[in-house]
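Scroll down for the structure; my scribbles are underneath it.
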Number of protein chains: 4
Amino acid sequence: MAGNSIGQVFRVTTFGESHGLALGCIVDGCPPGLEISETDLQVDLDRRRPGTSKYTTQRREADEVKFLSGVFEGKTTGTSIGLLIENTDQRSQDYSKISDRFRPGHADYTYHQKYGHRDYRGGGRSSARETAMRVAAGAIAKKYLKQEYGIEVRCYLSQMGDVKIDQVDWDQVEQNPFFCPDINKLEALDELIRQLKKEGDSIGAKLTVVASNVPVGLGEPVFDRLDADIAYALMGINAVKGVEVGDGFDVINQRGSQHRDELTPEGFKTNHAGGVLGGISSGQDIVAHMALKPTSSITVPGETINVDGETVDVVTRGRHDPCVGIRAVPIAEAMVAIVLMDHLLRHRAQNSGVTTTTPKI
Amino acid sequence: MAGNSIGQVFRVTTFGESHGLALGCIVDGCPPGLEISETDLQVDLDRRRPGTSKYTTQRREADEVKFLSGVFEGKTTGTSIGLLIENTDQRSQDYSKISDRFRPGHADYTYHQKYGHRDYRGGGRSSARETAMRVAAGAIAKKYLKQEYGIEVRCYLSQMGDVKIDQVDWDQVEQNPFFCPDINKLEALDELIRQLKKEGDSIGAKLTVVASNVPVGLGEPVFDRLDADIAYALMGINAVKGVEVGDGFDVINQRGSQHRDELTPEGFKTNHAGGVLGGISSGQDIVAHMALKPTSSITVPGETINVDGETVDVVTRGRHDPCVGIRAVPIAEAMVAIVLMDHLLRHRAQNSGVTTTTPKI
Amino acid sequence: MAGNSIGQVFRVTTFGESHGLALGCIVDGCPPGLEISETDLQVDLDRRRPGTSKYTTQRREADEVKFLSGVFEGKTTGTSIGLLIENTDQRSQDYSKISDRFRPGHADYTYHQKYGHRDYRGGGRSSARETAMRVAAGAIAKKYLKQEYGIEVRCYLSQMGDVKIDQVDWDQVEQNPFFCPDINKLEALDELIRQLKKEGDSIGAKLTVVASNVPVGLGEPVFDRLDADIAYALMGINAVKGVEVGDGFDVINQRGSQHRDELTPEGFKTNHAGGVLGGISSGQDIVAHMALKPTSSITVPGETINVDGETVDVVTRGRHDPCVGIRAVPIAEAMVAIVLMDHLLRHRAQNSGVTTTTPKI
Amino acid sequence: MAGNSIGQVFRVTTFGESHGLALGCIVDGCPPGLEISETDLQVDLDRRRPGTSKYTTQRREADEVKFLSGVFEGKTTGTSIGLLIENTDQRSQDYSKISDRFRPGHADYTYHQKYGHRDYRGGGRSSARETAMRVAAGAIAKKYLKQEYGIEVRCYLSQMGDVKIDQVDWDQVEQNPFFCPDINKLEALDELIRQLKKEGDSIGAKLTVVASNVPVGLGEPVFDRLDADIAYALMGINAVKGVEVGDGFDVINQRGSQHRDELTPEGFKTNHAGGVLGGISSGQDIVAHMALKPTSSITVPGETINVDGETVDVVTRGRHDPCVGIRAVPIAEAMVAIVLMDHLLRHRAQNSGVTTTTPKI
């Protein structure tokens, strides 16, 4: 039931299957007067799009997005925004072999048992293709956040397999197909991907999202904490198995005297918290990490069952990424931007006009 | 705005500050006819309650919960359930010293800047005392899940500081004040806590939650995935900085051929996924881990600013846990139970009557 | 499921049965810094309270409301507000006779078939006693609206049986127990009530709610229109069977040239629309009417069935109002105030900072 | 903010302006396995479509609806359903004259002041054209309700101007362009419309919706009452100014002994309540009435102001219905069907398995 929406005030609702006629979404609650065009969205869609580098799947999807409503004379009107991307490169034949069996590590079995009737073509609704609409909607949020508040939401690849990033040079991120901020690791990443392609296997990855210039005060104290909503948003991306805010799992072996970020008139001394205290943004950078599993769409044969419950083999041919983590970079940015946008508007609803004499550090 | 609720169909809304008159909550959407009494809730409240062992804070809170509505002649009526716990041991004087300054690592600064006016006594709404109501509400969910579906939600301490659990013996968990499933680690834990008390410092922890007998099919495919909602629920617990489902961050260095859980007529061969595929429960155990930071309520003096933005020192006296992770065990169980309960009812709404000829493995 | 809440940003959730221990509610999303005390709420609670005049039921309920959270040093903190009214005058014995049969015109039969298990004492959750919490929550909204925006929400009795009000003198409304704005009708109303008491019967009523100083722009264009939400809020009051905005059912026989309210630089020429155009407030007074049925709690014997489906007689003794419409006056005000408050905050979320060069007429 | 959705479990979200590229909606939460095709929706769309009779506007809109997702091999999959209708006959030039002024009785002024920037072409989002998507979504609900529960939702014109229906012959309703159930009133209706066209004026109308075979038990006791949600849904249709359930405003002058519907083993004796008791369906027919104002799109010149606040004249040329009430018949059915569908699923979520020994009368 009704699980295709995210956000309460700024709300995004999506539809669309991998091999259906089109993907689409409705962005509800966007403030009016924002200058926006398809081009603004296309930039991020192209960053997510397959077929753009040799490291990702060679499927070609134009992923051309259209505004169907909510924008008039180049500006948002405040009414619901309809977005559409038509599916053009569908090649349904690739998937006919797996219509009666459940690919391990995929949603085939769970969809089948939940709904009784499923669109098996390319994973249907469970395909990562659905995330294109999140990216499109997120681009609207990103533009508003940047323009009205100077907030920037950016993401990079922080690890793939055993290749860990040592240094973060933001200028590097968009210069290479890995979204890798460390120029010294490009060769190792290239080597790893080539090895995986040879093996017909895949690998996991870690991404880091940073939101800067977020004002103090966003988030709700108890359930809809900013970090809880970020965890929900990131864990809701296909293949994600773990989310951290700030120091994450490293806190297990930290002392309180070491972890707490002390305050000074010039700002916090450290940012172990990752920009969130008590569920509310502190004014520091919001920092989150996420782990993405290796895709199960590999050519190494696997064992599974068919719809009659009998043991069968399965090989996922087709065109797939050896590391789905790479293309998740714009998706992660989009999800965090949607969460921030929603909380910014929610904060404005309740706390417009709140002022204190305490300086914002 | 409206951030004190969790769940859509089974919905829990809470109120209450650490040092106010009372804590309370409303549980909306509980099915009728469930036999329930205050005693059913008290068991879990007592597991969370401070003052029960020498390892946790010595504050004594009776935490006696009362049903105010929604239960008649020992059974739920299907109307909203009102729950109340009166605050008895408040000692407001302990906190007067910190009314004008912001404790590092606490929500003091963010609440102050967000709302302009805050209840500083014991952290007010940001106090972990608020979680008592989650535990009470969760106990209702736990009872229903167990009785109607045989679902069990349990949690244990899997690490504290550098003390890692090696083996899981469920029978041990309730036998020691650490909720530790490994009898061989009790001494090391005791040693660590005594050391911390001496230092006036605190330590982080890792907890593991396991839900067993969860039927296949719970969760929504896109945004309200079961794992996303679990991440939201667990990250929404005070002090939590990281959440994993299944293999979590270990997937970064796994291969696809290694991670994917193959299916056989007898069941899945492995459970790297942690019981969730494509956002939907697979019928395997749901396994989640979470990291809790060391509490910042320590007696080691720290630097901070006051409401005028000037540098001041702060020492958090009062009675605090050296490891807040311990008492989070029943809270984590409660949060996961609330999520499962909500998704179970949501699944029933949409998919009542769905059947397949494929056996449930 | 989850049907005990109203509002999205300013959200009120209630619990409580007629003869349970207490009634309560949680007000979530109230802006911080609002000066408020129990006395502010008590005024409206006393207006709704039974036993205050000879025209209404003689049950005595102190209806003393207490803040349990969300208010600190006399001002709201922005966190959830817990409100409680303990039930004191319960007299459960009055109702024992009707535990096994369904009073006609009441919710007994529908609750029984929906839930299988119901609190039959005084109607349980279906009792109008539940509305006390709406009045309490509404008083908070009323205070904020008045203080921050000058908005006033008032209601009066516009008809009872065949006694129609001819003139509206607001000063009269609080001067008589009927909330009647027409001094010339008091005698007729008194006469009608005395007649009904003699007969053991009851009568319907019509109320009119007026919200003044509402700024232009509140409400959503499609589903959450301001008038739709007002209709929802008023139809959700016990016994209400009809709701009108502006000219209501009179429009059926109006011409377009007659109904449309023309605009001039000095304001609208007329207010047939009742202050809402396209679902959005126009800046004129919001005017709504509602019809309340005669209570079925009468001493005229009636025919019904018992839980075994057999024909039985039923007489509702106890202490009941001959016209429940009278006491609905503060309830209607509260409901409209909650809707306005919610839409005001929602408007602020999306449209803060929108300005036009067009004067507000 | 986020006001373009209706329903909680079965949720419909729409987008689209009168003269934009397309209208669309997402239907979320539809049970899987329902056989459905575009043709099922087209029937109702054609009933609403303009240009089909001489009594309604001569604008021609193909209103051809397409499924973009959520339906596979002719059956719903349980994932979100995307629906699209492209706008073909737009004639933007008709509206250029009114871009700088506010048509009286329309949403022009309120949109302008709320959002600062609006699509003035044909009323943009405020155009009744938007209701096409409600009809499309409602047709899905209607099919499910009919097929799974035998529930039927039908509507007829019960009054136009001073022409009141005397008898209801359901077979007549679809035989004439007025949806009039009384063959003896067709001539009077025809006469009235011709008169209005001559005058360039318009008239109001009253519609009656009846839902039959609704099981006992749908609806929530306090806020989300079935009648409250019906009031919300119907008042949310363009031009509606009043809603009644059962006897509606007639109850004002009824006695309790007269209004209450007595129960017998064979059923209720009467249906003054309109099928709802205490907010919950009683198993009787749900009966609701609504009043629609005369459209303000008339050729009788009117006075208004322009965006600079100056007095100007306005004449709405273009092609408009003299009575918008007529075409609202399928819209009203759709709205009630959506509400029933949502409550049916919600009821199933909470109360699956509730049984009583009391026969359903």
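Working carefully through the options B:313, B:250, find the one that is closer than 18 Å to residue A:235 by Cα and surrounded by fewer than 20 Cβ atoms within 10 Å (Cβ to Cβ).
Working: B:313 fails: closer than 18 Å to residue A:235 by Cα.
It is B:250.
Condition first: at pLDDT 95 or above and under 30 Å from residue D:341 (Cβ atoms). Can you find one or more residues in the stretch A:36-43 that meet it?
Checked the stretch A:36-43: no residue is at pLDDT 95 or above and under 30 Å from residue D:341 (Cβ atoms).
Would you check if residue C:288 is among the aliphatic types (A, V, I, L, M), touching a helix residue (DSSP H, G or I) at 6+ places or on another chain (Cβ under 7 Å) and within 7 Å of another protein chain (Cβ to nearest Cβ)?
It is false that residue C:288 is among the aliphatic types (A, V, I, L, M), touching a helix residue (DSSP H, G or I) at 6+ places or on another chain (Cβ under 7 Å) and within 7 Å of another protein chain (Cβ to nearest Cβ).
Being at the interface with chain A (Cβ under 7 Å from one of its Cβ atoms) and of a type in the set (Phe, Trp, Tyr) is the filter here, so list the residues in the stretch B:106-138 that pass it. Break it down stepwise before answering.
Filtering the stretch B:106-138 for residues at the interface with chain A (Cβ under 7 Å from one of its Cβ atoms) gives B:106-107, B:109-116, B:125-126, B:130.
Those that are at the interface with chain A (Cβ under 7 Å from one of its Cβ atoms) and of a type in the set (Phe, Trp, Tyr): B:109, B:111, B:115.
What number of residues within the stretch A:233-276 are in a helix (DSSP H, G or I), over 21 Å from the mean Cα position of the chain (by Cα) and of a type in the set (Gly, Ala, Ser)?
Looking only at that region, the number is 2.
Going through the stretch D:66-87 one residue at a time, which ones are within 10 Å of residue A:24 (Cα to Cα) and of a type in the set (S, T, N, Q)?
D:69
Which residue is surrounded by the fewest Cβ atoms within 10 Å (Cβ to Cβ), if the candidates are limited to the stretch B:1-53 and must be part of a strand (DSSP E or B), small (Gly, Ala, Ser) and within 14 Å of chain A (Cβ to nearest Cβ)? Quick ask: steps written out before the conclusion?
Going residue by residue through the stretch B:1-53, those that are part of a strand (DSSP E or B) are B:5-6, B:11-15, B:22-28, B:35.
Pick out the ones that are also small (Gly, Ala, Ser) and you get B:5, B:22, B:24.
Add one more test, that the residue is within 14 Å of chain A (Cβ to nearest Cβ), and what stays is B:5, B:24.
Details: B:5: 24, B:24: 31.
Ranking the qualifying residues of the stretch B:1-53, first place goes to B:5.
Can you tell me which of (1) over 14 Å from the mean Cα position of the chain (by Cα); (2) under 30 Å from residue A:284 (Cα atoms) is the one residue A:114 doesn't meet?
Among (1) over 14 Å from the mean Cα position of the chain (by Cα); (2) under 30 Å from residue A:284 (Cα atoms), residue A:114 violates only (2).
Of all residues in the stretch B:230-250, which are within 7 Å of another protein chain (Cβ to nearest Cβ) and not aliphatic (A, V, I, L, M)?
B:232, B:236, B:241, B:242, B:244, B:246, B:247, B:248, B:249
With in a helix (DSSP H, G or I), within 30 Å of residue C:100 (Cα to Cα) and within 9 Å of chain D (Cβ to nearest Cβ) as the only criterion, which of C:325, C:309 stands out?
It is C:325.
Test residue A:295 against the stated conditions and say whether it is within 8 Å of chain B (Cβ to nearest Cβ), within 19 Å of the chain's Cα centre (by Cα) and open to solvent by 10 Å² or more (accessible area, probe 1.4 Å).
Working: within 8 Å of chain B (Cβ to nearest Cβ): yes; within 19 Å of the chain's Cα centre (by Cα): yes; open to solvent by 10 Å² or more (accessible area, probe 1.4 Å): yes.
It is true that residue A:295 is within 8 Å of chain B (Cβ to nearest Cβ), within 19 Å of the chain's Cα centre (by Cα) and open to solvent by 10 Å² or more (accessible area, probe 1.4 Å).
Kindly indicate whether residue C:171 is over 15 Å from the mean Cα position of the chain (by Cα) and within 13 Å of another protein chain (Cβ to nearest Cβ).
Working: over 15 Å from the mean Cα position of the chain (by Cα): yes; within 13 Å of another protein chain (Cβ to nearest Cβ): no.
Criteria not met by residue C:171.
Of the residues that sit in the stretch C:312-322 and are outside any loop (DSSP other than H, G, I, E, B) and touching a residue at least 24 places away in the same chain (Cβ under 8 Å), which one is farthest from the chain's Cα centre (by Cα)?
So, considering only residues that are outside any loop (DSSP other than H, G, I, E, B) and touching a residue at least 24 places away in the same chain (Cβ under 8 Å), the one farthest from the chain's Cα centre (by Cα) is C:312.
Residue C:214 - would you say it is out of contact with any Leu (no Cβ under 6 Å at 6 or more places or on another chain), open to solvent by less than 10 Å² (accessible area, probe 1.4 Å) and within 13 Å of chain D (Cβ to nearest Cβ)? First the steps, then the outcome.
Values: out of contact with any Leu (no Cβ under 6 Å at 6 or more places or on another chain): yes; open to solvent by less than 10 Å² (accessible area, probe 1.4 Å): yes; within 13 Å of chain D (Cβ to nearest Cβ): yes.
The answer is yes for residue C:214.
Just for the stretch B:61-75: of the residues that are among the acidic types (Asp, Glu) and open to solvent by less than 40 Å² (accessible area, probe 1.4 Å), which one is farthest from residue C:117 (Cα to Cα)? Steps first, please.
Filtering the stretch B:61-75 for residues among the acidic types (Asp, Glu) gives B:61, B:63-64, B:73.
Going one step further and asking which of them are open to solvent by less than 40 Å² (accessible area, probe 1.4 Å), we end up with B:61, B:63.
Numbers: B:61: 34, B:63: 29 Å.
Only one residue tops the list, namely B:61.
What about residue A:261, is it within 30 Å of residue B:162 (Cα to Cα) and either charged (D, E, K, R) or surrounded by 23 or more Cβ atoms within 10 Å (Cβ to Cβ) (or both)?
It is true that residue A:261 is within 30 Å of residue B:162 (Cα to Cα) and either charged (D, E, K, R) or surrounded by 23 or more Cβ atoms within 10 Å (Cβ to Cβ) (or both).
Which of the residues that make up the stretch A:251-275 are at the interface with chain B (Cβ under 8 Å from one of its Cβ atoms) and of a type in the set (Val, Ile, Thr)?
Matches in the stretch A:251-275: A:251, A:252, A:264.
Any residue that is of a type in the set (Lys, Arg) and closer than 20 Å to residue B:279 by Cα - is there at least one of those in the stretch B:309-319?
Step one: filter the stretch B:309-319 for residues of a type in the set (Lys, Arg), giving B:317, B:319.
Of the ones still in play, those that are also closer than 20 Å to residue B:279 by Cα are none.
The answer is no, given that none of the residues of the stretch B:309-319 is of a type in the set (Lys, Arg) and closer than 20 Å to residue B:279 by Cα.
The values are calculated or read from the model by the stated rules, or taken from the named source; none is laboratory data. The model shown is predicted, which means the values in this text are computed figures rather than measured ones. Ideal geometry is used to build each Cβ from the backbone, glycine not excepted, and the neighbour counts take in all protein chains shown. These area figures cover heavy atoms from the full protein model, side chains too; ligands, DNA and RNA do not enter into them. Shrake-Rupley method; radii C 1.70, N 1.55, O 1.52, S 1.80 Å.
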